[in-house]
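Step one of this worksheet: look at the structure below.
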Amino acid sequence: MSATMDTESTYSGYSHYSGHSKKAHRQGRDRHKSPRSKDGSRSEKSVTIQTPPAEPLLGNDASRAEEGQDDNWGETTTAITGTSEHSISQEDIARISKDLEDSVGLDCKRYLGLTVAAVLGLLVFLTPIAFILLPQILWRDDLEPCGTVCEGLFISVAFKLLILLIGTWALFFRQPKADLPRVFVFRALLLVLIFLFVFSYWLFYGVRILDSKDTNYQGIVQYAVSLVDALLFIHYLAIVLLELRQLQPMFTVKVVRSTDGESRYYSLGHLSIQRAALVVLENYYRDFTVYNPALLTASKSRAAKHMAGLKVYNVDGPGNNASGQSRAMIAAAARRRDSSHNELYYEEADHERRVRKRRARLVVAVEEAFTHIKRLQAEEQQKAPGEMMDPREAAQAIFPSMARALQKYLRTTRQQQYHSMESILQHLSFCITNNMTPKAFLERYLNPGPTLQYDRERWFSKQWTLVSEEAVTSGLQDGIVFVLKCLDFSLVVNVKKIPFIKLSEEFIDPKSHKFVLRLQSETSV
C-alpha cells in the first residue's frame, strides 16, 4: 500500500513539473515569435506621434501584485529572472533602427513639402509685381504714358494681392496636426496647377512682351491684373476642394477598440482613408474613455485560476486501464467548468459591493474636507490680507484627510496609474480657487473620463500604424475596413455609406378634419 502511494505521489509530482516546463517553454517560444509577427504585417502606413513612458501612481505595483494573485499562486507561478525581462534581441534592434529611419524620413518629407510650397507661394506673389516693374526698368523711355485707367489698375492689383495674401495665410499656413504617410492629393494637384499656370504666364510674358518690348504699358498692367484674378479663382477652387467638399456627410464609420469593445459612430464626408484615419484619432482622444489595461487583468487571472483547477491525475499508472475513473474525473472537471458562471457572478457582485463601499467612504471624506475648507475661509476672512492662505496651501492642508480613501477607491477601480499625487493636488487647488463643490471635485475620479482629461504623458501614443488593403490616398467607399494600431491596442474602423433617402409628400385636405356635433335638446329624466 505504501509503495502504491509513493508511486502515485511521484507520478503526480512529475506530471506537475512537466506541465510547468511545457508552459515555460511555450511562453518563451511565444515571446520570441511576437516581434516577428508584428513586423510582418503588410501594407502598413504609420503616422508618428510620440509619447513618454507613463509613471504609476501611489503604490501601483503592490496593488497589482495583490490583485493578480489567486489561491493557487504557489502551484501555478513560473519564476522569471530579471535578465530575461531586460534582454534585447537582434530583431528588436532592427525594429528600433527602422523606426528611427522612418521618423527621419517623415521629417525630411514634411520640411521638403513646406519648402516647395513656400517657394511657389513667393513666386506667385512676386510675379504680378515683376510684370509691372520690368518694363519700367528695362525700356521706360519707350513706354506710353499711363493714364487714369492704368493708375486705377494699380490700386486694383494692390488690393487683390492683399486679399489673396490673407486668404492664403488663412487656408494654408496652419500648424500641422499630424504626419500623414502619403501626400494630400488635392493639395498636390493645386500646387501643380499653380506652377503650370504661373509658368505659362511667364512664357507668354517673355515671348510677347519682353522680346518685342511692348510699349503699351496699360495693356501690360491689364495682363498683370488678369493674372491676379486667375489666382483668386484658383484660391476659391482650393477652398472648395480642401474645405467645403468634405463638409457634407456621406459615410458613417464605426470605430471599435479591440481590447474592450468600446465603440463610437461618426459621420464623415468625402475624405481619403488617411485623412479619415486622422479624423478618427482626433475624435478618439475626445470621446473614448481612457484605455485601462488593468481592467482586463481580472478576466485573465480568473481564466488562469480556472485552468489551474482543472487537473487530472492518472493514479493507476500509464499501464493500467482505469478508463471509468478517468471519465468520472473528466466529467467532474466539466461540471466545475459549467459552474464557472456562478463564480463570475459572485465575483462581480463582490467587486461592485467593495466599489460602492469605498465610494461612500470617499464621498464622506471629501465632503468633510471641503467643510473644513469653508471653515478655514471663514477664519481667514477675519485675518489681515497678508495672512491669507493661497489655494495650493489649502489643498495641501486638506489632502491628507482624504488621501487614504481616495487611494483605496482608485486601487479598487484600477485607476491609480492615471492619477498622480501632483495631478490630484492641482485639481484640488483648481476646485478651491473656483469655489467648486465636492461633487465637482469627485467627478473626475468617480466616472472615467475621456482620454484628453488625463495627463498627456500617460495616454499619448508614440506611433499609430494605418493598415489598409486599399491605397491610403483613395477615397472612402462602402464596406472599406482599415485598422489603426498602436502599442497596446488597435482601432478597427468599418465604413458604411449613408443610404439614399426618398421622401414623398401626402396632401391632407383641410376639410377632412371638420365634423358636426349635433346635440339633442331633450334629455332623459
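The values are calculated or read from the model by the stated rules, or taken from the named source; none is laboratory data. All values derive from a computational prediction rather than experimental measurement. Note that we place each Cβ from the backbone using ideal geometry, even for glycine, and neighbour counts take in every protein chain shown. Accessible surface areas use protein heavy atoms only, side chains included; no ligands, DNA or RNA. Shrake-Rupley method; radii C 1.70, N 1.55, O 1.52, S 1.80 Å.
Using the beta-carbon distance between residue 470 and residue 142 and R0 = 45 Å, what value does 1/(1 + (r/R0)^6) give for FRET efficiency, to the nearest 0.05?
Working: r = 61 Å, r/R0 = 1.35.
After rounding, the FRET efficiency stands at 0.15.
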- Computed from the mean reciprocal separation of all distinct C-alpha pairs, what Kirkwood hydrodynamic radius does the stretch 335-447 have, in Å? 15.9 Å
- Note on the structure: The answer for the stretch 100-246, accessible area per residue at 1.4 Å probe in Å², is 63 Å²
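Work out, step by step, the length gained on full extension between residue 263 and residue 226: first 0.36 nm times the residue separation, then minus their alpha carbon distance; give nm to one decimal. Provide the component values of the computation, followed by the final result.
Details: separation 37, 0.36 × 37 = 13.32 nm, distance 5.28 nm.
Between residue 263 and residue 226, full extension yields 8.0 nm more.
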- Evaluate E = 1/(1 + (r/R0)^6) for residue 156 and residue 252, where r is the Cβ-Cβ distance and R0 equals 45 Å; express this FRET efficiency to the nearest 0.05. 0.45
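For the stretch 335-447: lysine pairs with Cα atoms under 18 Å, gap of 8 or more or different chains, count? If you can, show how the numbers build up before the last one.
Numbers: 357/408; 357/439; 374/383; 374/439.
Summing the qualifying lysine pairs gives 4.
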- Query: For labels at residue 212 and residue 279 in the simple 7 Å Cα→Cβ model, what's the distance in nm?
  - Reply: 5.1 nm
- Query: Dividing the Cα radius of gyration by the Kirkwood radius, what Rg/Rh value follows for the stretch 138-228?
  - Reply: 1.12
- Say each of residue 397 and residue 189 gets a label point 7 Å from the Cα, pointing the same way as Cα to Cβ; how far apart are those two points in nm? 6.6 nm
- Message: Need one number: nm distance between label points at residue 494 and residue 390, each 7 Å from Cα along Cα→Cβ, rounded to one decimal.
- Response: 5.4 nm
- Task: Estimate the FRET efficiency between residue 342 and residue 296 by the formula 1/(1 + (r/R0)^6), using the beta-carbon distance for r and 30 Å for R0, to the nearest 0.05.
- Result: 0.85
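Pairs 254/485; 254/496; 254/497; 177/496: which exceed 18 Å Cα-Cα? Provide the component values of the computation, followed by the final result.
Working: 254/485 16 Å; 254/496 8 Å; 254/497 11 Å; 177/496 26 Å.
177/496, as the Cα separations exceed 18 Å there.
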